[in-house]
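Some notes on the structure that comes next.
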Amino acid sequence: MSHLPYYITLGLIIACTVIGLRLRFSNSSAPTNVAPWATSAHPLLGHLPAYSPDPVKFLTEQKALVGDVFRVNFVVMKITVLIGAKWNRWLLAEVDEEDVSFYKMLSVLSCGLLDNPLGNASAMAHSRKAMRIVTSEFSRKALDRYFTDWAGQPRISLFDSSSTLLFNANLAVFFGPRFVQDHGPEMISLLQRMQKALLSPWPRILPLWASPSGRTLKRVKERIKQLVDDEVEKRMEDVDHWSGANDYLSGLVMSNEAEGYQEHYYTEHFVTYIMAAHVNSAGTFAWTLLHLLRNPELMRAFEAEIKVNPPLSDIYPIKDMPFSEACLRETGRLYNNLITFRYATRDIRTSSGVVIPKGWVATSPLAVQMDPELFEEPGRWNPRRWLPSCTVKRDLYATRFRNYEFVQFGGGKHVCSGEKLTHALLRATLWPTLVDHFRLELVEEGIVDGEGVDGVGLAPNHAESLGTAFGIREVYVRVTRRDVSLSSVGGA
Ligand code: HEM
């Protein structure tokens, strides 16, 4: 008993020493001036409740409250967010891949499934080359069958149907129409399951085998690999025969053959590309139609444009595409790129002295595009703002792009390699073909007056999006074939 005070004193000394050392250690290793946390955090759910209802509003308010670099806590992910055109430029074009990595981001975001989307250093150059030779051909006959099927139904779901259409169109561009015929439905179902599983938090928290979504990701990837490997093998066995196929895979195989590109790279490359293509083009296709349907004056302008500038019917190598300045330059500006992610591989001190801790880092191109100091009426869906005849120099698409104020297709090293393909597919082929031959009518169900961007009647669901958001609920369209197509009436 007499030793008790001695033990208590010793215990206190040890405890104080440990606490002192920990404090000292943490003080010496923690960087100073770390980006501050955003305000309004919930004790359990972090910033999710404040962010989710209107992310752009949240980000803009936080910029005013705590500055243009701040941290946001999404519970399973903590992200340093940077808001402003200069930060768009910094993240997209100025940082070193080693410090702030696109590939590490892709790998972590895909739960390790897309570790090696490019395979080797020169693969990106090959890919861009292959992209130039693909055509916008998603044969007129196939398209007509597709839209005729829409017209045969009492109504079609706008977002789901657009998603399947764009998967089909992108698969045709990547693997050619025969592949779509043989494997399209299975491949689309696999990709849709993969997309859904990637939105689940569990594969991010647990090993893949430990959750149903994680196991789905593994299974789906294995099956996609089988399908892709079989197709690649076929192409490699007879490169000359396939060289005239004009699809992306034949271009890639021809281009990579000289470099000894490994067969096993193709699956990750394909999944990265097809996901990149689909997550942005499907929503863009649907939103643009919805805005046109809610703006009859703009729909009439588009119909008039089709009469004088009919949709493409032939094979156009994309580099030779004649781009009209049609009224659809918008291509989804008000929806996509809420967040562009990267992964900081170490603590990074920015030029303004603020430190971005190792981990997730992002800009918000959408918040920049909605800044009223940069854009007149930024929330208005106004495709005409991009027509040269309607713009002052500052507003020109190219100027905005150069200033990193408008980066709907990214910028810098990882600028979208599918931009031209998107113009070919959406602007020159899919939208005009549909509107040329068919009349569209919105079925009122699902539309809530005043809701969403420019009061279109539907809010975007940013929380469940890997790219351009879909709507928070489905809306429906009735499609009927015109007696006479617009282009056959002509511009007279
Ligand atoms: C409306 C349609 C599209 C939009 C808005 C869009 C947007 C973007 C954006 C913002 C980026 C940059 C991402 C970043 O820096 O983190 C990007 C990259 C990319 N996009 Fe697109 N995209 C579209 C369609 C397509 C299509 C059709 C393809 C088909 C190949 C495609 C393939 C890619 C690829 C491969 C990258 C990554 C390029 C690299 O890492 O170098 N995209 N896209």
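The values are calculated or read from the model by the stated rules, or taken from the named source; none is laboratory data. Note that this is a predicted model, so its numbers are computed, not measured. Reconstructed Cβ throughout: ideal geometry from the backbone, glycine too, with neighbour counts over all protein chains shown. Surface accessibility is based on the protein's heavy atoms, side chains included, excluding ligands, DNA and RNA. Shrake-Rupley method; radii C 1.70, N 1.55, O 1.52, S 1.80 Å.
Carbon and sulfur atoms: what percent of the 1.4 Å accessible area of the range 48-489 do they account for? If you can, show how the numbers build up before the last one.
Values: 9780 of 18890 Å².
Summing carbon and sulfur atoms, their accessible area is 52 percent of the total for the range 48-489.
With the radius of gyration and the Kirkwood radius both derived from the Cα set of the range 147-225, what is their ratio Rg to Rh? Display every interim value, and only then the final one.
Values: Rg = 15.2 Å, Rh = 14.1 Å.
Rounded to two decimals, Rg over Rh is 1.08.
How much net charge surrounds Gly455 when only other residues with a Cβ under 9 Å from its Cβ are counted (Lys, Arg +1; Asp, Glu -1)? It would help to have the intermediate numbers written out before the result.
Numbers: positive: Arg294; negative: Asp449, Glu451, Asp454.
Net of charged neighbours comes to -2.
In whole angstrom, how long is each semi-axis of the equivalent ellipsoid of the range 48-489, when you take the square root of 5 times every eigenvalue of its Cα gyration tensor and sort them from largest down? Intermediate results must be reported in sequence, preceding the final value.
Details: eigenvalues 199, 174, 93 Å².
Values for the range 48-489, descending: 32, 29, 22 Å.
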Quick P(r) readout (the range 37-117; Cα-Cα; 10 Å bins; whole %) gives 17, 39, 35, 9
Measure of exposure for Glu451: accessible area at 1.4 Å probe, Å² rounded to 10, is 50
Of the listed pairs Lys104/Lys420; Lys86/Lys393; Lys225/Lys420; Lys221/Lys413; Lys196/Lys221, those with alpha carbons more than 22 Å apart are Lys104/Lys420; Lys225/Lys420; Lys221/Lys413
Scaled by the rule-of-thumb 2.2 N^0.38 Å, the alpha carbon Rg for the range 339-492 gives a ratio of 1.33
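Once the other residues with Cβ under 12 Å from the Cβ of Leu227 are scored (Lys, Arg +1; Asp, Glu -1), what is the net sum?
Values: positive: Lys221, Arg223, Lys225, Lys234; negative: Asp182, Glu186, Glu222, Asp229, Asp230, Glu231, Glu233.
Taking every other residue near Leu227 into account, the sum is -3.
FRET efficiency for Ser488 and Asn33, Cβ-Cβ distance as r, R0 = 60 Å, nearest 0.05?
The value I calculate is 0.35.
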Counting only DSSP loop positions in the range 411-466, the trypsin sites (Lys or Arg not before Pro) whose Cβ has at most 15 other Cβ atoms within 10 Å are none
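Given a 1.4 angstrom probe, what's the average accessible area per residue across the range 48-489, in square angstrom? Each step should come with its number before you reach the end.
Working: 18890 Å² over 442 residues.
Each residue of the range 48-489 exposes 43 Å² on average to a 1.4 Å probe.
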